[in-house]
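Okay, so here's the structure we're looking at.
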Amino acid sequence: MEALAVNEILSLESYEQQRTTIRCRMNALRQLRRLELSDACVVIFENRETVQFQVQEMLRVDQSDDADRIALELSCFNLLIPAKNELSATLILRIPEYRDVDHTIKRMQGLTRGCIALMVGDERIPARFDVEDESLLCTGDVFYIHFAFTDTQIAAFSNPSVAVTLQSCHDHCSARVPIEGETRGSLLKDLL
């Protein structure tokens, strides 16, 4: 997918006029692309539309639509748009109460070391985290992850008879979540 350009971001005034309609559509899309990996983690698959929505909302909160500010936001958020043969997602650790932040993060240490993967049939596609060193401890509650596919894996993902699951094998976040129906169709569009 192509990165977003500054001229694709609506002015504050235009966005405000369209916001109700955009939010309704984006909430439905984000819900479709949201998978619960137990009570500890949530994964939301990102695409160009979800990223543009996040940028628009950030600019709205900051009350800025300056071209330089938009360019700065896009330099970060464009990293969430899946590249060719890739799915990307935001992984969110659920922290029930603010006072539990340190405990929850400590409990989830090691999550970045190959615990999250997509299974396409018998093929395991591990998540690549946004940290440079896979041995780093979990130090935040939001991560950006990417799943790189081969052409063969994309063909298998396209075949409805091949099972696809998102899985985690961490001690405090262990789950297998099937990816089916409209969710799978939406993610497939990102790969094609």
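The values are calculated or read from the model by the stated rules, or taken from the named source; none is laboratory data. All figures in this text were calculated on a predicted structure; none of them were measured in a lab. Virtual Cβ from ideal backbone geometry, glycine too; neighbours counted across all protein chains shown.
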| said: Only one of Ile145, Ile154, Ile125 is at pLDDT below 95, of a type in the set (A, V, I, L, M, F, W, C) and not in a loop (DSSP other than H, G, I, E, B). Can you tell me which? | reply: Ile145
| task | Please find, within region 35-66, the residue that is surrounded by the most Cβ atoms within 10 Å (Cβ to Cβ) out of those that are among the acidic types (Asp, Glu) and farther than 12 Å from Ile81 by Cα. | result | Asp65
| said: Criterion first (modelled with pLDDT of 95 or more, assigned to a strand (DSSP E or B) and crowded, with 17+ Cβ neighbours inside 10 Å) does Leu118 satisfy it? | reply: yes
| Can you find a residue in region 69-77 that is outside any helix (DSSP H, G or I) and modelled with pLDDT of 85 or more? | no
| message | Can you confirm whether Cys24 is under 24 Å from Leu187 (Cα atoms), part of a helix (DSSP H, G or I) and at pLDDT below 95? | response | no
| Pairs where the first residue, in region 112-123, is among the aliphatic types (A, V, I, L, M) and the second is not in a strand (DSSP E or B), C-beta under 6 Å, 6+ apart | Ile116/Ala127; Val120/Gln153; Val120/Ala156; Val120/Phe157
| field | In region 58-94, the residues that are under 20 Å from His146 (Cα atoms) and either touching a Lys or Arg at 6+ places or on another chain (Cβ under 6 Å) or of a type in the set (S, T, N, Q) (or both) | value | Ser75, Asn78, Ile81, Asn85, Ser88, Thr90
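Which of the residues that make up region 91-115 are buried (at least 20 other Cβ atoms within 10 Å of the Cβ) and at pLDDT 70 or above?
Leu91, Leu93, Cys115
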